[in-house]
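Structure incoming, see below.
The values are calculated or read from the model by the stated rules, or taken from the named source; none is laboratory data. Remember, predicted model here, so these are calculated numbers, not experimental data. We place every Cβ from the backbone using ideal geometry, glycine too, and count neighbours over all the protein chains shown.
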């Protein structure tokens, strides 16, 4: 036996109980040293310093329980025998002590407590090394009964064993019962006498071979106590659930026996079943793990969430069953709970199960209780909310970009980019409504994958959701949209953009759009509508500004033209010939931007060619390279030919694109000409030529420019006419023309031709408003027979009877504007004689020598069809007519005075006796008699002043 010492732990070694216990131990173990210790540190020091074989501890020990101190001793030296002298220990306290590794628990209030402790210490210190022999091999049995001497006398412990509520038994080396307490006998249903001396198989055979075989294997592998649970069948047929703790011991003879403590755990099993039921009713998943991280319980919900049967998990090590959890928050937080003894709560994602778990873990002495739930839906919802927040932030940023977009196209591109990048709607499109074509036109697309299908949606307005959304102004969502063409469209959502168009998003998957996606898209479309409205307003403002700027430019150009026209007008007043007028007009106009080249041409009626007679500007030989006519040939279809034929301005604002400009396009473009205008130069019905202007920009001739330049053409025509009239008045020679009109169909003389008698045109007076007073003398016909024919004539406005004799009558007819008489008068001609008979007329005219006789004849041909020039005679005297006289006194008479004076004279106001009085002249003029009298006196004073050299 080794000379190991025994430590006795007591808080006060001087107390009576401590002194008594020390004396008993020292007397019984006289060869051993029994030393008291009062602190944990003292106990550790003794263990470190010497050879300690056993430790005995009382209930209280310096703030540390006996169980905690003995567990510390066992951790320091697992081979030490530990004894707890407990004060009336409960069954749970005893179980906890054994679970902590205490070797022996003794109730110190028992009368035999000292003997039990001494016996246990002697047994432990006598030979701590157990004899190695397999338990399952029974020793040979002598078939002849004989008396055996027990290796250990248990009679002295009988009273102590009966005080223990749990069943206790002892087996010798032959596995025969050598000690049994009443509690064990009651559990098995045998009497004590029936068991003592019998083999353990008497009871163990009822339990079952597997459990007993496992127990024997465990005992063979260790010298420590082995605990197991089983159902113990009793003699009366019941099965009692038990928990047994079996420990080997060495007898005084050196044999190894076994002592067992058996507890009825029926109540505990009932409580466990109730606990299992409670746990199964827990809505959260739950599992329990012991101190070795082994699953001890897994409820059905936990098995479902972990996707493992509970039977596979119970007994398995957590980190081996779920190796992916190592190194994650699961491991970190569970270990922190075990280390600190405090519960932990956390959330973690477990990739193999693709799930988020919310975990609450509660530590205990036996391990961890873990409650957890699958919060993947909530986490996904949280993630979606976070995504939506980020989406709305991104949409807000895109809204800033939308605010910067200045065109509808830029707005649409920004919207579809935002739909794809921010909302994940990759197949997004915007189609805008075209008012001119009445169609929805694809304007922007995020992805062209389904653009063919999208285009087909926009084309047909009869029955498709895109047009439906546009017309109704409501959101249209089709989660199971039919295929379009060759592309399968599973889902469609269309959002109207007001009067502008529709935002469309497609997906090949059915039910692809969640409610949150549609809400975000609706928000994006609301911003798009606002931006499109703003872009439209800004476009309108830009168009208005552009139109205003263009109008201002045109006004400025027109002002420049007007300034030039005023200068031209001053020049025209001073001009003495056609040639001077034509040259000065071209030179002045060529200095105005954007006119680059100007030329003046006259129409040759015989050849229909338009001959240039004057030009100015940067023409660079243009007129020598081109031919212009006024006929149906290609060279007559340009602006100049059309203006001559129509008598109206002809505009060509795009020389490059105009097909009718083909004969001159190359020559014009090579000289920088981009647009052209041809203006007829005419006065009343007389055309004097054509004025052609070329600009270096397209669309240079808008309505305002054309109007102003057309008026300029009339002013030039008036000037040319004035020059002709001046030449007629001041010239020394004249020309007498006799013309035959064989097919008279002129409305002016139709009423004359339809009446019997002879007519002589005495005078023709033109009024300021353009109408002409014609004064006739008729013989051989009464005035009453003339009136019906005049009333039927469309050119006769009024017929007035002036006087009558037996054979003649005088009358005045007022002809409407634009008669050939006006044209004759404009050319400075005088009607010498007009004879009308049987649908034909002979007209004798006296014209200035400078008159364009060919042009005059051409005009008459245009009026009467066929005109024959019968004779032309040069006369030495100038043309003297009422117009000539009017020209001489023009500087003295106003236009109104001339009109009144000539009308009164022609009406016979100055004859004696008077043929017309002042009232009648006033009626002819449509004024009052005092007005006529005032103008007559003023005209007489001017005329007499001229006659008498005033």
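Of these, 695, 678, 722, which one is modelled with pLDDT under 90 and either over 22 Å from residue 612 (Cβ atoms) or in the same structural domain as residue 612 (by TED's automatic domain parsing) (or both)? Spell out how you get there, then give the answer.
Working: 695 fails: modelled with pLDDT under 90; 678 fails: modelled with pLDDT under 90.
Among 695, 678, 722, only 722 is modelled with pLDDT under 90 and either over 22 Å from residue 612 (Cβ atoms) or in the same structural domain as residue 612 (by TED's automatic domain parsing) (or both).
Is it the case, given these coordinates, that residue 706 is modelled with pLDDT under 90, in the same structural domain as residue 591 (by TED's automatic domain parsing) and assigned to a helix (DSSP H, G or I)?
For residue 706, the condition - modelled with pLDDT under 90, in the same structural domain as residue 591 (by TED's automatic domain parsing) and assigned to a helix (DSSP H, G or I) - is not met.
Let me ask something else about it. Residue by residue through the stretch 704-718, note down the ones that are surrounded by fewer than 22 Cβ atoms within 10 Å (Cβ to Cβ), over 24 Å from residue 672 (Cβ atoms) and in contact with a helix residue (DSSP H, G or I) (Cβ under 9 Å, 6 or more places away or on another chain).
Correct list: 707, 711, 715, 718.
Has the stretch 673-681 got at least one residue that is under 24 Å from residue 857 (Cβ atoms) and touching a strand residue (DSSP E or B) at 6+ places or on another chain (Cβ under 8 Å)?
Among the residues of the stretch 673-681, at least one is under 24 Å from residue 857 (Cβ atoms) and touching a strand residue (DSSP E or B) at 6+ places or on another chain (Cβ under 8 Å), which makes the answer yes.
For the stretch 53-68, which positions are modelled with pLDDT of 75 or more and within 22 Å of residue 119 (Cα to Cα)?
Scanning the stretch 53-68 gives 53, 54, 55, 56, 57, 58, 66, 67.
A follow-up question, please. Any residue that is surrounded by fewer than 13 Cβ atoms within 10 Å (Cβ to Cβ) and either assigned by TED's automatic domain parsing to the domain that holds residue 705 or in a helix (DSSP H, G or I) (or both) - is there at least one of those in the stretch 561-569?
yes
Scan the stretch 317-332 residue by residue and report those that are within 21 Å of residue 284 (Cβ to Cβ) and either in contact (Cβ under 8 Å) with a residue 24 or more places away in the chain or not in a helix (DSSP H, G or I) (or both).
Within the stretch 317-332, 318, 321, 322, 325, 328, 330 qualify.
Can I ask one more? Using the structure shown, decide if residue 672 is over 30 Å from residue 841 (Cβ atoms) and part of a helix (DSSP H, G or I). Walk me through how you get there before you give the answer.
Working: over 30 Å from residue 841 (Cβ atoms): yes; part of a helix (DSSP H, G or I): no.
For residue 672, the condition - over 30 Å from residue 841 (Cβ atoms) and part of a helix (DSSP H, G or I) - is not met.
To keep it simple, each residue is scored yes or no on (1) outside the structural domain of residue 507 (by TED's automatic domain parsing); (2) assigned to a helix (DSSP H, G or I); (3) at pLDDT 85 or above; (4) on the phi > 0 side of the Ramachandran plot.
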position: 430; (1), (2), (3), (4): no, no, yes, no
position: 441; (1), (2), (3), (4): no, no, no, no
position: 452; (1), (2), (3), (4): no, yes, no, no
position: 455; (1), (2), (3), (4): no, yes, no, no
position: 458; (1), (2), (3), (4): no, yes, no, no
position: 467; (1), (2), (3), (4): no, yes, yes, no
position: 474; (1), (2), (3), (4): no, no, yes, no
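What number of residues within the stretch 608-632 are under 23 Å from residue 579 (Cα atoms) and without any contact (Cβ under 8 Å) to a residue 12 or more places away in the chain?
Going through the stretch 608-632 one residue at a time, the tally reaches 3.
So that you can scan it fast, the table gives a plain yes or no per residue for (1) touching a helix residue (DSSP H, G or I) at 6+ places or on another chain (Cβ under 8 Å); (2) at pLDDT below 80; (3) surrounded by 15 or more Cβ atoms within 10 Å (Cβ to Cβ); (4) more than 27 Å from residue 910 (Cβ to Cβ):
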| site | (1), (2), (3), (4) |
| --- | --- |
| 750 | yes, yes, yes, yes |
| 754 | yes, yes, yes, yes |
| 769 | no, yes, no, no |
| 846 | no, no, yes, no |
| 851 | yes, yes, yes, yes |
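Right, another one. For the stretch 122-235, which fully contained strands (runs of 3 or more DSSP E) count at least 1 residues that are in contact with a strand residue (DSSP E or B) (Cβ under 6 Å, 6 or more places away or on another chain), in the same structural domain as residue 33 (by TED's automatic domain parsing) and modelled with pLDDT under 75? Give the derivation first.
Numbers: elements: 167-171, 177-180, 226-233.
The strands (runs of 3 or more DSSP E) meeting that bar number zero.
Suppose the filter is buried (at least 20 other Cβ atoms within 10 Å of the Cβ) and in a helix (DSSP H, G or I); does residue 614 pass it?
Judged against the criteria, residue 614 is not a match.
Would you say residue 681 is under 28 Å from residue 567 (Cβ atoms), touching a residue at least 12 places away in the same chain (Cβ under 8 Å), buried (at least 21 other Cβ atoms within 10 Å of the Cβ) and touching a helix residue (DSSP H, G or I) at 6+ places or on another chain (Cβ under 6 Å)? Spell out how you get there, then give the answer.
Details: under 28 Å from residue 567 (Cβ atoms): yes; touching a residue at least 12 places away in the same chain (Cβ under 8 Å): yes; buried (at least 21 other Cβ atoms within 10 Å of the Cβ): yes; touching a helix residue (DSSP H, G or I) at 6+ places or on another chain (Cβ under 6 Å): yes.
When the stated conditions are applied, residue 681 passes them.
Does residue 834 satisfy the condition of being in contact with a helix residue (DSSP H, G or I) (Cβ under 8 Å, 6 or more places away or on another chain), surrounded by fewer than 22 Cβ atoms within 10 Å (Cβ to Cβ) and either at pLDDT 75 or above or within 23 Å of residue 794 (Cβ to Cβ) (or both)? If you could, list the steps in order and put the result at the bottom.
Details: in contact with a helix residue (DSSP H, G or I) (Cβ under 8 Å, 6 or more places away or on another chain): yes; surrounded by fewer than 22 Cβ atoms within 10 Å (Cβ to Cβ): yes; either at pLDDT 75 or above or within 23 Å of residue 794 (Cβ to Cβ) (or both): yes.
Yes; evaluated as a whole, the condition is true for this residue.
Looking only at residues in the stretch 633-647 that are outside any helix (DSSP H, G or I) and free of Cβ contacts under 8 Å to residues at least 40 places away in the same chain, which one is farthest from the chain's Cα centre (by Cα)?
Our first condition is that a residue be outside any helix (DSSP H, G or I); within the stretch 633-647, this holds for 633, 637-638, 647.
Now restrict to residues that are free of Cβ contacts under 8 Å to residues at least 40 places away in the same chain: 633, 637.
Values: 633: 58, 637: 53 Å.
Per the criteria, the residue is 633.
Which one of these is within 27 Å of residue 389 (Cβ to Cβ) and over 12 Å from the mean Cα position of the chain (by Cα): 530, 507?
Every option except 507 fails the conditions.
Within the stretch 302-312, count every residue that is buried (at least 20 other Cβ atoms within 10 Å of the Cβ) and either assigned to a strand (DSSP E or B) or without any contact (Cβ under 8 Å) to a residue 60 or more places away in the chain (or both).
Looking only at that region, the number is 1.
Could you list, in sequence order, the residues of the stretch 907-922 that are within 12 Å of residue 801 (Cβ to Cβ) and either in a helix (DSSP H, G or I) or under 60 Å from the mean Cα position of the chain (by Cα) (or both)?
Here is the first cut: in the stretch 907-922, the residues within 12 Å of residue 801 (Cβ to Cβ) are 907-908, 915-916, 920.
Residue satisfying the conditions is 920 alone.
Surrounded by fewer than 17 Cβ atoms within 10 Å (Cβ to Cβ), within 15 Å of residue 676 (Cα to Cα) and modelled with pLDDT of 90 or more: is that true of residue 593 in this structure?
No.
Would you be able to say whether some residue in the stretch 619-626 is surrounded by 19 or more Cβ atoms within 10 Å (Cβ to Cβ), modelled with pLDDT of 90 or more and closer than 19 Å to residue 686 by Cα?
No, the stretch 619-626 contains no residue that is surrounded by 19 or more Cβ atoms within 10 Å (Cβ to Cβ), modelled with pLDDT of 90 or more and closer than 19 Å to residue 686 by Cα.
Turning to a different aspect of this structure: May I ask you to list the residues in the stretch 381-403 that are more than 23 Å from residue 531 (Cβ to Cβ) and surrounded by 11 or more Cβ atoms within 10 Å (Cβ to Cβ)?
381, 382, 383, 384, 385, 387, listed by residue number.
Of the residues in the stretch 67-80, how many are closer than 14 Å to residue 51 by Cα and surrounded by fewer than 23 Cβ atoms within 10 Å (Cβ to Cβ)?
Result for the stretch 67-80: 5.
What pairs come up if the first residue lies in the stretch 377-402 and is assigned to a helix (DSSP H, G or I), the second is modelled with pLDDT under 80, and their beta carbons are under 7 Å apart, counting only those six or more places apart or on different chains?
Going by the 7 Å Cβ cut-off, the qualifying pairs are 384/516; 388/516.
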